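These notes are about the structure you will find just below.
The values are calculated or read from the model by the stated rules, or taken from the named source; none is laboratory data. The model shown is predicted, which means the values in this text are computed figures rather than measured ones. Cβ placement follows ideal geometry from the backbone for every residue including glycine, while neighbour counts extend to all protein chains displayed. For the accessible areas, the whole protein counts, side chains as well, though only heavy atoms, and no ligand, DNA or RNA atoms are used. Shrake-Rupley method; radii C 1.70, N 1.55, O 1.52, S 1.80 Å.
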Amino acid sequence: MGKHYIVIAEDDNDDCYLVKTALEDIRFEADIIYTKNGIELLAHLESAIQNKTNYPIFILLDLNMPKMDGREVLKRIKSDILFKAIPVIVFSITRNQSEVKHCYDLGANTFIVKPAYYHQLVDTMKAICNYWLNIAVAVKQG
Amino acid sequence: MEFNYHFRLVYIAAAISITILIIFGVIYIQKSRNQVQYIDEVEHTYKVLSVIGECEKYLVEAETNQRGYLLTHKDQFKTDLESAVSNIDSSLNELGFLTADNPGQKIYFTELKKYIQARLMVMKDNLSLKADDPDYYGNLLKEIFLMDHCKMYMAKMQGLEEGLLKIRQREKNKYQQVNLTFFKATFITACIICVISVGIFFRELGMRLAIQQKLRGKISELSRSKEELEQITFAASHDLQEPMRKVRILSTMIVKKLSTKLPVEEMQVINRINDVTEQMHGLLNDLVLYTNLVNPNENYVHVNLHDLMRSAYHKAFKREDIAIRIAGKLPVIKGSPLQLETLFIHLFDNASKFRSSHRDLVIDINYELKSVKDSKWYWDDQLIDHYHEITISDNGIGFDLQYNEKIFGLFQRLHSQTAFAGKGIGLSVVRRVMTNHKGYVVALGNKNNGASFILVFPAV
C-alpha cells in the first residue's frame, strides 16, 4: 500500500499552475504527479505496476498534448486490461458534442470543460476530489 | 457590352458574306445558263449551215448522176442518183426539224423543199425521156429554173443563219468574258469578307482569352485571400479563446486571493480588467458562433419551419407570454434545423430586446407562397417557380430605414452598449443562415414604429 495520489496529464504550464493552486486552496492532501504528454503518462502507469504501487485515484487528462494526445492515451488506457479501471477525467477546452461523445465512447469516466473563472475551477476541483475520494469506491490494487 | 457588340459584328459580317455568296451564286448560275444557251445556239446554227451545205452537195450530185445517165445510159448512174435522192430526203427532213423554231427559216424552207421536190420530179421525168423527146428541151429549161430557185433559197437560208451566227457568236463571247470577270469578282469579294470576319473573330478571341487569363488570375488571388481570411478568422475565434480564458481565470484568481488585501483603487482596476476580458470573451464566442456558420458541413433535411418557430419562441421568451399572431402555416423546407432554429431565436431576441416601453410586445408572422415571375428578388438562375416569403413584424422601437443594411453587419449596433444588451451578432447570424439556405433577409422599419424582417426561401 502506497500513498494516495492523482495524475495530471497537461502540457500547458498555466493550466498546471492553476490546477495546483486550486488544489492547494482546497487543501487537497494527496500527492500530485504531473505528466506532460500521453507517453509520460503511460510510462508512469507502467512503472506503478512494476513497483506495485497504488494506481492513482484519478487521472486528469487534457486532450491537446504533444507526442501522444489525450484521445490516444485514453484509448490505450481503456483498452488495457490492467489500466481500464482507473477513473479518467477528461479536462478539455471544448464542449463540442462530437468530441464529448467520442471521449465517453472511448471510456472516459467524466468530461469537464476547463472553467473560465477561478472560483469555478476551485469548485470543480473540490467536487471532483470529494467525489472520487469520498463518495466513489475505488478498485484496490493488491 | 463591348464584347457582345464586337461579336455581333462578326455575325453580321458572316451573314453578309453568306448572302453575297448566295446572290453571286444565283447570278452566276443564271449567266452560265445563258452562256450555255448561246453556245447551244451557235452550235445549232453551224449544224443548220452544214445541213444546207449537205443538201446542196447531194442535189449537185443527183444532177451530175442524172446527166451521166442521160449521156451514157449506164445503170450505175441511176443507182447513184437514187442514193443521192434519198440522202436529199433525209437532209431535208433534218433541215426541217432544225429550222422548225425559226419562222423566217420555216418559210424559206417550205419554199426550198417545194423547189427541190419539183426538181427531183423533173429529174425522175428526165430519166425516162429519150434525147429526142420534145419535152426534153422544155425540161431542161425547167431544170435550170428550178435549180436556180433551189440555190436562191439555200443562199437565203444560209444568209439568215450566218446573220444569226454573228449575233450568237458575239453574245456567246460576251457572256464568256462576263462570266470570267464575274467569277473573279465573286471570289475576291468573298475572300475579302472572309478575311475581315476571321480577323475580327481572332481579335475578339484574343481579347477574350486575355480577359479569361486575367479572370483566372483574379480567381486564384481571391481564393488565396479567402483561404487566408478563413485561417485568420479561425485563429481569431479559436486560438484566441484559450489565452482569453487564461486571462479571465488568472484575473479572477487575483480577485479571489487578494480582494481583502489590496487597496480599493487597485481592486477597481482589476475589476475593470475582468469586465473587459469578459466583454472580449463574449465577442470571441460570437465570432466562433458566426465562423462556424460560414462553412457548415451539415446535411440538409426536411424541416418544418412552423414547429421550429414554435420551439424557438419558447426558447427566446422563456416563460414570458408574448402575443404572437400567425397568418398561414409556415412551410416545410430543406435545411439545417439547428441553424434555422437559431435564426428564429435571434429574430425573437431582437424583437424582445427592442420592444417599446409604451406598449406590450406583439409579434406578427405572415407566410405566403409567391411566384418568382413577379418577384423583386434576384434568384440566382435556380430552376424554381415559387418562393416562400415569411414576414416577422413587431411593434417595438423599430429603426431608421437608412440603417436597414447596417443592422446586418457583424458587431454593428445602432444603440449604445449600455442601452441594450447584446454584442450585435444576432442579425449577422440571421443573414448568414439565410445565405446558407440560398435565401434572403431584408429588414424594414420605421423609427418608433416597429420592425419587419422578410425572409425568403426558394421553394424547391
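Odds and ends about this structure:
- Verdict on B:Ile407 being in a strand (DSSP E or B) and surrounded by 12 or more Cβ atoms within 10 Å (Cβ to Cβ): no
- Of the residues making up the range A:102-125, those that are within 13 Å of chain B (Cβ to nearest Cβ) and open to solvent by 30 Å² or more (accessible area, probe 1.4 Å) are A:Val113, A:Tyr117, A:His119, A:Gln120, A:Asp123, A:Thr124.
- Listed conditions (1) under 60 Å from the mean Cα position of the chain (by Cα); (2) crowded, with 17+ Cβ neighbours inside 10 Å; (3) within 20 Å of B:Gly163 (Cα to Cα) are all met by B:Val51, apart from (1).
- Residue match in the range A:50-66 (condition: of a type in the set (S, T, N, Q), within 14 Å of chain B (Cβ to nearest Cβ) and open to solvent by 80 Å² or more (accessible area, probe 1.4 Å)): yes
- So B:Asn297, is it in a helix (DSSP H, G or I), within 14 Å of chain A (Cβ to nearest Cβ), closer than 28 Å to B:Ile345 by Cβ and within 46 Å of the chain's Cα centre (by Cα): no
- Positions within the range B:261-285 being open to solvent by 90 Å² or more (accessible area, probe 1.4 Å) and not in a helix (DSSP H, G or I), in sequence order: B:Lys261
- Condition met for A:Glu99 (assigned to a helix (DSSP H, G or I), within 14 Å of chain B (Cβ to nearest Cβ) and without any contact (Cβ under 8 Å) to a residue 24 or more places away in the chain): no
- Residues that are under 42 Å from the mean Cα position of the chain (by Cα) and part of a loop (DSSP other than H, G, I, E, B) were ranked within the range B:314-336; the one that is farthest from B:Pro458 (Cα to Cα) is B:Ser336.
Residue-wise test of (1) acidic (Asp, Glu); (2) open to solvent by 10 Å² or more (accessible area, probe 1.4 Å); (3) within 14 Å of another protein chain (Cβ to nearest Cβ); (4) part of a loop (DSSP other than H, G, I, E, B).
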{"position": "A:Val7", "(1), (2), (3), (4)": "no, no, no, no"}
{"position": "A:Asp11", "(1), (2), (3), (4)": "yes, yes, yes, yes"}
{"position": "A:Asp14", "(1), (2), (3), (4)": "yes, yes, yes, no"}
{"position": "A:Tyr17", "(1), (2), (3), (4)": "no, yes, yes, no"}
{"position": "A:Lys20", "(1), (2), (3), (4)": "no, yes, yes, no"}
{"position": "A:Leu23", "(1), (2), (3), (4)": "no, no, yes, no"}
{"position": "A:Glu29", "(1), (2), (3), (4)": "yes, yes, no, yes"}
{"position": "A:Ile32", "(1), (2), (3), (4)": "no, yes, no, no"}
{"position": "A:Leu42", "(1), (2), (3), (4)": "no, yes, no, no"}
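- Cβ-Cβ under 6 Å pairs, at least 6 apart or on other chains, the range A:27-54 side in contact (Cβ under 8 Å) with a residue 24 or more places away in the chain, far side loosely packed, with under 14 Cβ neighbours inside 10 Å and of a type in the set (D, E, K, R): A:Asp31/A:Lys3; A:Asn37/A:Lys67; A:Ile39/A:Lys67
- Positions within the range B:178-214 being loosely packed, with under 11 Cβ neighbours inside 10 Å and of a type in the set (S, T, N, Q), in sequence order: B:Thr181, B:Gln212, B:Gln213
- Looking at A:Ile93, A:Ile57, just one residue is closer than 30 Å to B:Gln279 by Cβ and at pLDDT 85 or above, and that residue is A:Ile93.
- Only one entry of B:Ile211, B:Ile232 meets the criterion of being in a helix (DSSP H, G or I) and at pLDDT 85 or above, and that entry is B:Ile211.
- Every pair of residues 6+ apart whose Cβ atoms lie under 9 Å, when the first sits in the range B:219-247 and is under 22 Å from B:Leu410 (Cα atoms) while the second is open to solvent by 60 Å² or more (accessible area, probe 1.4 Å) and part of a helix (DSSP H, G or I): B:Ser237/B:Asn285; B:Ser237/B:Leu289; B:Ser237/B:Asn292; B:Leu240/B:Met280; B:Gln241/B:Asn285; B:Met244/B:Met280
- Flag not set for A:Val90, criterion: more than 13 Å from chain B (Cβ to nearest Cβ), assigned to a helix (DSSP H, G or I) and open to solvent by less than 70 Å² (accessible area, probe 1.4 Å).
- Total residues in the range B:108-121, condition more than 14 Å from B:Gly159 (Cα to Cα) and open to solvent by 10 Å² or more (accessible area, probe 1.4 Å): 9
- From the options B:Leu289, B:Leu343, B:Leu308, residue that is part of a helix (DSSP H, G or I), open to solvent by less than 40 Å² (accessible area, probe 1.4 Å), under 24 Å from B:Ala443 (Cβ atoms) and in contact (Cβ under 8 Å) with a residue 60 or more places away in the chain: B:Leu343
- Picking from residues in the range B:241-260 that are more than 9 Å from every other protein chain (Cβ to nearest Cβ) and at pLDDT below 85, the one that is most open to solvent (accessible area, probe 1.4 Å) is B:Thr260.
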